[in-house]
Amino acid sequence: MNDTGSLVTLAPDSSGPAPTGERWIRFAKPARWIAIAGAVGVLAAPFMAWAYRPDALDDVSFWGEPSPLQWFAFALGLLLLGCLVAPFVIKPRPGRRPRRLLAFNRGAKAAASGSLVYFAVASAAIVLELGGLVALEPGAWAGLAGALVATVATRALPEGHDPRLQFLNTPAWGQILGIVGAVALVLFAAAYGLGQDGASTFVTFGVLCGVGVYVAARVGVMGWLSAAAARNRRALVLAAFAVAFLFPMTQDGSDANMSIAVGVLIFAATAMGLNIVVGLAGLLDLGYIAFLGAGAFTAAILSRSAFATLGWSPPFPVVVLISGTVAAILGLIIGSPTLRVSGDYLAIVTLAFGEIFRITMNNLDGVDGPNLTRGSNGIPAIPDLELFGFDFGESHMILGVQIGRFANYYWLMLLVLALIILVFTNLNHSRIGRGWVAIREDERAAEAMGVNVFGLKLLAFAGGAFLAGIAGAVKAHVDVSVTPDQYIFMESAFLVAGIVLGGMGTVGGVLIGASILKLLPEKLRFFEDYRLLMFGVLLVVMMRFRPEGLMPDERRQLEFHADDDELAEEIGENIEAHVIPSLAGAPEPDLKGDDA
Amino acid sequence: MTALLSARDVTMKFGGLTAVNQVSLDVAPGEIVGLIGPNGAGKTTFFNCLTGMYQPTSGEVEFDGQLLPPKPRRVAMAGVARTFQNIRLFQNMTALENVMVGRYARTGTNAIDAVFRLPRHRREETETRRIAEEWLDFVGLGEAADLLSRNMPYGDQRRLEIARALALEPKLLLLDEPTAGMNPQETREAEELITRIRGLGMAILVIEHDMRFIFSLCDRVACLVRGAVLIDGAPETVQNDPRVIEAYIGTPVDVAPSADGEGDSDA
């Protein structure tokens, strides 16, 4: 009896807000007020001028009239203030257990450091663009100071409880509404970001997006969203495609961004094909771009271009199939002798294959070999597609919006990408996909279980190549000309980097990874020279902090963070339920005796 | 009675080393045969020869009236499933997925079926899942279906590997040290599991060092020493054979202490 009594009195203490190791907890109260002061500074900053001259960022030189970027800063400030003030406003009803839906303290910490990063990047951009610290007006200083104060002060706040929002019982329509809202936000962000011409504005906006996602994750909104997305997978997929489909409508017939978008889609489609080979079957292919090239060259040779060397131009759907088949046959040719090696050796062989392809295309010029590709000149002047009377080269008015040439191709590519994703997921969730993953995990064990290792590897190679060939066929028409030097090793490396960055073996992750890798260099022309350096740094940083990729497979996440506390907690219940019975031995009856 | 598996004069040489030397062994349908022998006797190498992982230097293996080709996949399809001495699960797949891979050789969905989600794919997928769940339940891991196999306790990983092998619906199950590294409790559970597998009418060939396990479970025991079969017979015969004792713990100075020594090492 005494024992149970002491347990009850202990309970409030042990659930109190003081995890060990947080030395500054006793300052939590004043710290909150100091942080609020900082937040007020952040909120005031947008109404002051940040820069001396108008040509930095999106003109932040006015007093009292915030530019969009300044409004975003204001929103960050509101977020910060809201997280700080919320505990005063939201009190548990007397006699009820607190619901703890959102982790406000974590949100405040994230919002504070996020604002600091945001102001730092914006200020750095101003300083760089206008030449010196003099260009910084009081607004920037106020924002920096406020964010810094808030950041330091929020460190003293306790970490608090885990957000429980994802366990909230939301009706299905609420979940779908949330998904649609989030996806619409993504569309807005993409359209707005791509609309920014200034590289510094683009970067600052990108930082804002990152900060927003981070805060949402810490506060618990992300957890709810991903739970809702997991439960309404179909709605998520539909919403994502609807948004991708609507994207050209936001561009007012301008082709500048659409050409980038088409490039991103082609890259993503190719990466998705490679994802079968690398992500599922675990075969590192460093020459994959050759299959895209094979598809492109096939489509170019079979096109109506005056420079096409065969003089036979079947309709495009047939060309697509032929391009895919040619690429797949190449995949079989390179695969059947080399798939007996694996790991690093396979990587080297495929790398060499990629180079062989490029050099061969260079040499099929009528001098060193038959004239098929016109050598390094390639095949230019590939005419636009015309499918079912729809001319892809023309602008069309659809629903009162001008849809230009690249927007047409964008929709075609979206269709191709959707097909490739469908093939990927259907294969992944089948006997074939399980066989691939088994081979990736343990080839010999898979073989001993009757998995047709060689056949499946070959299928992965040929299937991936087929998909890349299809993407290549469209690419030939988008690019107008096809030359061997578009298909260099660097492109293969970027494809692999995109997959690793996003999360191997996933659909969403690879789409995001590929988009980032393709989009950034397009928007940030000025760091063209440092592109490789930046990607190298990015990959090293990723490998250090998030080796499983941005949007990992659940499996992968566990693989890399098996001894991580938070994740361990998540899976803890499962494991506990499992380990304890198997450990159950002599001590069990003793404990029961005490309880009674 | 015709043997289910019959290995005839299987020899495996690695360069100058003869790991397995003219080993002949029969396993009758429904029989549990134990394979014992000191470390390095060639037991696992013999297993690898049986399952096609190694191509024997000479000799042949007949299974169910047909010669087994030295291809692991063909051996598996013929109906021989195995587990590994050091567990070889697909670590980043869930327990259920691991067992579903075991169904690979017994299903026929091809890429076309899967891409277009044809009826055959769906039918087989439901069927595969159901059977895999049944085998998980059979080995007592029904609750752990969604755990990653790498996060499972050691004893459960061993049982999962057996479930994966069982999903192949083999006629002969080869178990390579199923109780290695287990505590007495887990060993007892494994023993019970293998008895239940025998109840299904499957023949089992098991390598094991736990003598109590072997002698209480097996219908017949073969002892392998330095690559050759020393003795092949009823458990009692093998247990009391002085050559077996000698192979395991060396030549006794006199008979009485060696018997004591055996008792100690067992306890």
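The values are calculated or read from the model by the stated rules, or taken from the named source; none is laboratory data. Keep in mind that this is a model prediction, so the values were computed, not measured. With ideal geometry, Cβ positions are generated from the backbone for all residues, glycine too; neighbour counts draw on all protein chains shown. Only protein heavy atoms, including side chains, enter the accessible area calculation; ligands, DNA and RNA are left aside. Shrake-Rupley method; radii C 1.70, N 1.55, O 1.52, S 1.80 Å.
Among the residues of the range B:38-53, those identified as within 17 Å of residue A:446 (Cα to Cα) and either open to solvent by 60 Å² or more (accessible area, probe 1.4 Å) or of a type in the set (S, T, N, Q) (or both) are B:48, B:51. Scan the range A:477-499 for residues that are under 26 Å from the mean Cα position of the chain (by Cα) and not aromatic (Phe, Trp, Tyr) and the total you get is 13. If you go through the range B:174-188 one residue at a time, do you hit one that is facing chain A (nearest Cβ under 10 Å), crowded, with 22+ Cβ neighbours inside 10 Å and not basic (Lys, Arg)? Yes, because at least one residue in the range B:174-188 is facing chain A (nearest Cβ under 10 Å), crowded, with 22+ Cβ neighbours inside 10 Å and not basic (Lys, Arg). The numbered conditions (1) touching a Ser or Thr at 6+ places or on another chain (Cβ under 9 Å); (2) open to solvent by 10 Å² or more (accessible area, probe 1.4 Å); (3) among the small types (Gly, Ala, Ser) are all true for residue B:199 except (1). Only one of the numbered conditions (1) assigned to a helix (DSSP H, G or I); (2) crowded, with 21+ Cβ neighbours inside 10 Å is violated by residue B:56, and that is (1). Candidates are the residues of the range B:101-130 that are among the aliphatic types (A, V, I, L, M) and out of contact with any Lys or Arg (no Cβ under 6 Å at 6 or more places or on another chain); the one that is nearest to residue B:170 (Cα to Cα) is B:105. Starting from residues that are within 11 Å of another protein chain (Cβ to nearest Cβ), of a type outside the set (D, E, K, R) and buried (at least 23 other Cβ atoms within 10 Å of the Cβ), keep the ones in the range B:146-165 and report whichever is farthest from residue B:85 (Cα to Cα). Filtering the range B:146-165 for residues that are within 11 Å of another protein chain (Cβ to nearest Cβ), of a type outside the set (D, E, K, R) and buried (at least 23 other Cβ atoms within 10 Å of the Cβ), the one farthest from residue B:85 (Cα to Cα) comes out as B:148.
Residue check: residue A:299 meets all listed conditions (1) part of a helix (DSSP H, G or I); (2) among the small types (Gly, Ala, Ser); (3) more than 30 Å from residue A:519 (Cβ to Cβ) but one, namely (3).
Just so you know, in the range A:418-431 the residues that are without any contact (Cβ under 8 Å) to a residue 60 or more places away in the chain and open to solvent by 10 Å² or more (accessible area, probe 1.4 Å) include one that is nearest to residue B:165 (Cα to Cα), and it is A:431. Taking the range B:90-145 as the region of interest, the helices (runs of 4 or more DSSP H) fully inside it that hold 1 or more residues being more than 10 Å from chain A (Cβ to nearest Cβ) and under 14 Å from residue B:165 (Cα atoms) are B:95-102, B:119-138.
Scan the range B:49-58 and tell me whether some residue there is farther than 25 Å from residue B:141 by Cβ, in contact with a Gly (Cβ under 7 Å, 6 or more places away or on another chain) and more than 13 Å from every other protein chain (Cβ to nearest Cβ). Within the range B:49-58, none of the residues are farther than 25 Å from residue B:141 by Cβ, in contact with a Gly (Cβ under 7 Å, 6 or more places away or on another chain) and more than 13 Å from every other protein chain (Cβ to nearest Cβ).
Scanning the range B:70-89 for residues that are more than 7 Å from every other protein chain (Cβ to nearest Cβ), outside any loop (DSSP other than H, G, I, E, B) and under 30 Å from residue A:466 (Cα atoms) yields one hit, B:74. The set of residues in the range A:194-235 being hydroxyl-bearing (Ser, Thr, Tyr), under 23 Å from residue A:110 (Cβ atoms) and surrounded by 19 or more Cβ atoms within 10 Å (Cβ to Cβ) consists of A:204 alone.
Of the helices (runs of 4 or more DSSP H) lying entirely inside the range A:432-538, not one contains at least 2 residues that are open to solvent by less than 20 Å² (accessible area, probe 1.4 Å), among the hydroxyl-bearing types (Ser, Thr, Tyr) and more than 13 Å from chain B (Cβ to nearest Cβ).
Taking residue A:401 as the residue in question, decide whether it is closer than 22 Å to residue A:550 by Cα and either of a type in the set (Gly, Ala, Ser) or more than 10 Å from every other protein chain (Cβ to nearest Cβ) (or both).
no
Within the range A:136-145, is there a residue that is under 29 Å from residue A:512 (Cβ atoms) and open to solvent by less than 30 Å² (accessible area, probe 1.4 Å)? No; the residues of the range A:136-145 include none that is under 29 Å from residue A:512 (Cβ atoms) and open to solvent by less than 30 Å² (accessible area, probe 1.4 Å).
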